[in-house]
Amino acid sequence: MHDNTPEIEATIRELARLSMDRLASHPSLDGTATPMQLESAAGKTITPSGVGAPEAVRLWTDVLAPACITVDHPRYLSFIPAAPTKLAAAFDMLVGTSNVYAGSWLEGSGAAFAENEALRWIADLAGLPVTSGGAFVQGGTIGNLSALVAAREAAKRKRSTVPRRWAVCVTDETHSSVMHALRVVMDVDVVNVEGDARGRMTGAALRDTVNGLPASRREGIFAVVATAGTTNLGIVDDIAGIGEVARENGWWLHVDGAYGGAGLAAPSVRPLYDGIEAADSFIVDPHKWLFAPFDCCALLYRDPALAKAAHTQHAGYLEPVLAESAWNPSDYAIQLTRRARGLPFWFSLAVHGTDAYRDAIEKTLSTARAAAEMIRRADHVALLVEPDLTVLTFERIGWRAGDYEQWSDELLKSQLAFVTPTSHRGRICTRFAIVNPTTSENDLRLILDSMR
Ligand SMILES: *Cc1c(COP(=O)(O)O)cnc(C)c1O
């Protein structure tokens, strides 16, 4: 298994060819299969003597890959899609075969250096100080959790007394991963701040909510989470106003830009993010709107030493790593072993330059604006909220839940598009999430026409 036999070399060539084909072609949307369908099509795949390379390759290409929906298809508009650049995806192959250990500087200094360059670009877009820094982690879920853990540790160090219960301010539109981190993983209370008509948290609402709390609850608050691009609606909270309240109260300001953080690079929407320069921590997922393959979240701290104090793991066998005063990415999040998951993003950013990223993000914004205008003009559909970024949430007038489901199933079955129903304030509707620069106005027109 560990020797380059002729058979293994031939298989490696075949895998390289398949990867090149995948990058060069426009794959179909494909779909989902049931466990029973897959069991009967694949048969028993793990056997004592192995099925052999040709059969395992056939299983992937003929049975398994077609049962995975193509997230980077231009008419995949559900959840938050992905649209890796060709070179980011290609470089991911090399990252995989190189198997760099990117948890510590000692073992992965070259990788950590390059990743830090990419983090620097993001930190500069946000206006964070030159001393800010962090690490690439698996996704927004781990990024949010790591940031909030660091925030609580910082609060513990700062305070002379520990409150009975810790708490964090959020809204109904705050991402489920934040709620999960707080309630399940950290056992922290949430203070729910009512969003405005578009679900946007404002500094004024935050101040009112907190002033209305009994002192015992207020004292437990150590952080507020502002969302820079809510997942369901794409709305950017009033970061400047929220940051002001956080500063007055000595709270940590965490900005969750997992989806929308990429908009920092787009001059046409940059003012929406004003105030982000005051964030204590910030995340953005390059695997969403920054054209990196799965999985990749950039996690940044204003003061990385506070994160390090919370996250550094100690053990006798780790001492050689810790003895270095150097930058260990594993010190800034909850994981130890780490794939160099920021490298595909770094490579593409290095090759194409930041202007190309700005332009590609602006392209998706202008496509979203054109689609919003189509929806405003059509009489069978209506926007439920005026968009900030590239998520459009809208309803088909007169449809019920069953109509959306049937339409959505049919779209995928016919391979036209992957668009799923959602709900907004109890109302069933649907949404377009546009992060793919190859999604065209015509793609969106076709889908809107399918709702007539
Ligand atoms: C997607 C998303 C997350 C979670 O990120 P993962 O990469 O899926 O773990 C968190 N917050 C927001 C706003 C998101 O859109």
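The values are calculated or read from the model by the stated rules, or taken from the named source; none is laboratory data. A quick note: this is a predicted structure, and the numbers were derived from the prediction, not measured. Neighbour counts are summed over all protein chains in view; Cβ atoms, including those assigned to glycine, are modelled from backbone coordinates with ideal geometry.
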Result of the Cβ filter at 9 Å on the range 341-369, keeping first residues that are free of Cβ contacts under 8 Å to residues at least 60 places away in the same chain and in a helix (DSSP H, G or I) and partners that are buried (at least 16 other Cβ atoms within 10 Å of the Cβ) and not small (Gly, Ala, Ser), at least 6 apart or interchain, is ALA356/THR85; ALA356/LEU349; ASP359/PRO437; ARG369/PRO387; ARG369/THR390
Note on ALA228: of the conditions (1) surrounded by fewer than 17 Cβ atoms within 10 Å (Cβ to Cβ); (2) in contact with a strand residue (DSSP E or B) (Cβ under 6 Å, 6 or more places away or on another chain), unmet is (1)
Pairs returned, first residue in the range 169-189 that is in the same structural domain as GLY212 (by TED's automatic domain parsing) and closer than 18 Å to ALA150 by Cβ, second residue that is in a loop (DSSP other than H, G, I, E, B) and more than 15 Å from the ligand (Cβ to nearest atom), beta-carbon separation under 8 angstrom, 6 or more apart or interchain, are CYS169/VAL193; CYS169/TRP251; VAL170/VAL193; LEU182/VAL188; MET186/TRP166; VAL188/ARG165; VAL188/TRP166
If we keep only residues of the range 267-290 that are of a type outside the set (Val, Ile, Thr), more than 11 Å from the chain's Cα centre (by Cα) and crowded, with 24+ Cβ neighbours inside 10 Å, then the residue farthest from GLN335 (Cα to Cα) is TYR273
GLY133 passes all but one of the listed conditions (1) surrounded by fewer than 23 Cβ atoms within 10 Å (Cβ to Cβ); (2) away from the ligand (no atom under 16 Å from the Cβ); the exception is number (1)
Taking the range 5-29 and keeping residues of a type in the set (S, T, N, Q) and without any contact (Cβ under 8 Å) to a residue 60 or more places away in the chain leaves THR5, THR11, SER25
Among LEU444, LEU384, the single one that is touching a helix residue (DSSP H, G or I) at 6+ places or on another chain (Cβ under 6 Å) and of a type in the set (A, V, I, L, M) is LEU444
Here the residues within the range 321-365 that are among the small types (Gly, Ala, Ser), surrounded by 16 or more Cβ atoms within 10 Å (Cβ to Cβ) and either in contact with a Phe, Trp or Tyr (Cβ under 6 Å, 6 or more places away or on another chain) or closer than 30 Å to VAL385 by Cα (or both) are GLY342, ALA360
Considering the range 384-413, residues that are among the aliphatic types (A, V, I, L, M) and surrounded by fewer than 16 Cβ atoms within 10 Å (Cβ to Cβ), and then whichever is farthest from VAL284 (Cα to Cα), we arrive at ILE397
Of the listed residues (LEU213, LEU253), the one being within 16 Å of the ligand (Cβ to nearest atom) and aliphatic (A, V, I, L, M) is LEU253
If you go through SER325, SER348, SER408, the only one that is assigned by TED's automatic domain parsing to the domain that holds LEU300 and farther than 30 Å from ALA90 by Cβ is SER325
Some residue of the range 111-120 being among the small types (Gly, Ala, Ser), without any contact (Cβ under 8 Å) to a residue 24 or more places away in the chain and either at negative phi or away from the ligand (no atom under 16 Å from the Cβ) (or both): no
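Residue-wise test of (1) surrounded by 12 or more Cβ atoms within 10 Å (Cβ to Cβ); (2) in a helix (DSSP H, G or I); (3) in contact (Cβ under 8 Å) with a residue 24 or more places away in the chain.
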position	(1), (2), (3)
GLY31	yes, no, yes
THR47	no, no, no
GLY50	no, no, no
LEU64	yes, yes, yes
ILE69	yes, no, yes
Report yes if some residue within the range 188-203 is among the small types (Gly, Ala, Ser), within 13 Å of the ligand (Cβ to nearest atom), on the phi > 0 side of the Ramachandran plot and within 23 Å of the chain's Cα centre (by Cα); otherwise report no. yes
Those residues of the range 273-323 that are within 16 Å of the ligand (Cβ to nearest atom), hydrophobic (A, V, I, L, M, F, W, C) and within 26 Å of ALA240 (Cα to Cα) come to a total of 11
query = Within the range 310-325, is there a residue that is within 21 Å of the chain's Cα centre (by Cα), over 24 Å from GLY275 (Cα atoms) and assigned to a loop (DSSP other than H, G, I, E, B)?
reply = no
Regarding the range 135-147, can at least one residue be identified that is farther than 21 Å from ARG120 by Cα, small (Gly, Ala, Ser) and part of a helix (DSSP H, G or I)?
no
- Query: Out of curiosity, is GLU248 in contact (Cβ under 8 Å) with a residue 12 or more places away in the chain and either within 13 Å of the ligand (Cβ to nearest atom) or surrounded by fewer than 24 Cβ atoms within 10 Å (Cβ to Cβ) (or both)?
  - Reply: no
Over the range 436-452, the set of residues touching a Lys or Arg at 6+ places or on another chain (Cβ under 6 Å), closer than 15 Å to PHE418 by Cβ and assigned to a loop (DSSP other than H, G, I, E, B) is MET451
